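Worksheet: one structure, shown below.
The values are calculated or read from the model by the stated rules, or taken from the named source; none is laboratory data. Nothing here was measured: the structure is a model prediction, and the numbers come from that model. When we count neighbours, we look across all protein chains shown, and the Cβ atoms used for this are built from the backbone with ideal geometry, even at glycine. Protein only, heavy atoms only, side chains kept; ligands, DNA and RNA dropped before computing areas. Shrake-Rupley method; radii C 1.70, N 1.55, O 1.52, S 1.80 Å.
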Amino acid sequence: MWPILVASLAALTVIIERIAFLIREKKSRYPETVGKIFSEVERGKIEEAIQAGEGCNDFVAVTLVYGLRHRHKAFSNALLQAANKELKRFNRGLPVLDTIITLAPLLGLFGTVTGMIQAFGLLGGRELESPTVITGGIAEALIATAYGLITAIVALIPFNYLNARLEEARHKIEDATTHLELLLLKQDKNL
């Protein structure tokens, strides 16, 4: 039961931290700034676009500004690198939750198996004079499986929610970077 408790506390810690992260990210979203970056690029004012996004904590704006700063060297690679850096922040903690979701039921099953071994070990020593000792031991052993499953089920829901937010962020970055690339292509054709 102790490993299951540690796993559930680790899951709870990750879930709370990730929810706090998402709240902070939502508060730092500035679609107006992203729109200003696009409008400046569309007008051909790249430096103004960079200045518009400078200091903004919006993950999309950060990605766009990084790409614009490195547009002469390797624009696509710069966008990809910035996007990966931002998405890595969204992914933090998810491998821990994934591991706990897999590990907790196995720990519960392990607790049940060792409990059953112990209960049947009592059977050999006391024979059948006290069946409640054995059934009580079996019931106690099954509790470990129940707690392992509960831990995994409770961690699974936030894990899926956090994965959905990661994918949402990925799509927002992909849409914005594609839009920026198209705007820059249009500017290059106009020159």
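Things to note:
- For the chain, the longest site-free run once GluC sites (Glu not before Pro) in DSSP loop states with at most 16 other Cβ atoms within 10 Å are removed: 55-126
- Relative to its Kirkwood radius, the Cα radius of gyration of the stretch 1-94 gives an Rg/Rh of 1.18.
- Here K73 is the anchor, and the lysines within straight C-alpha reach of less than 21 Å, apart from those fewer than 8 places off in the same chain, are K45, K85, K186, K189.
- Mean residue ellipticity, 222 nm, helices only, the chain: the sum of -39500 (n - 2.57) across DSSP H runs of n ≥ 4, divided by residue count and rounded to 500, is -31500 deg cm²/dmol.
- The stretch 13-162 - percent of accessible surface contributed by carbon and sulfur, probe 1.4 Å: 64
- Oblate is the label for the stretch 45-103. Its Cα gyration tensor axes, ordered a ≥ b ≥ c, give a/c of at least 1.5 and b/c at or above a/b.
- Computed log₁₀ I(q)/I(0) - Debye formula, equal Cα scatterers, no solvent, the stretch 4-44, q 0.18, 0.29, 0.33, 0.34 Å⁻¹: -0.63, -0.88, -0.96, -0.98
- Accessible area in square angstrom per residue, the chain, 1.4 angstrom probe: 60
- For the chain, the convex hull spanned by the alpha carbon atoms encloses 107 Å³ per residue.
- Angle between the chain longest axis and helix 94-126 axis [Cα atoms, degrees, rounded to 10]: 0
- Relative contact order (%) - the chain, alpha-carbon pairs under 8 angstrom, separation at least six: 28
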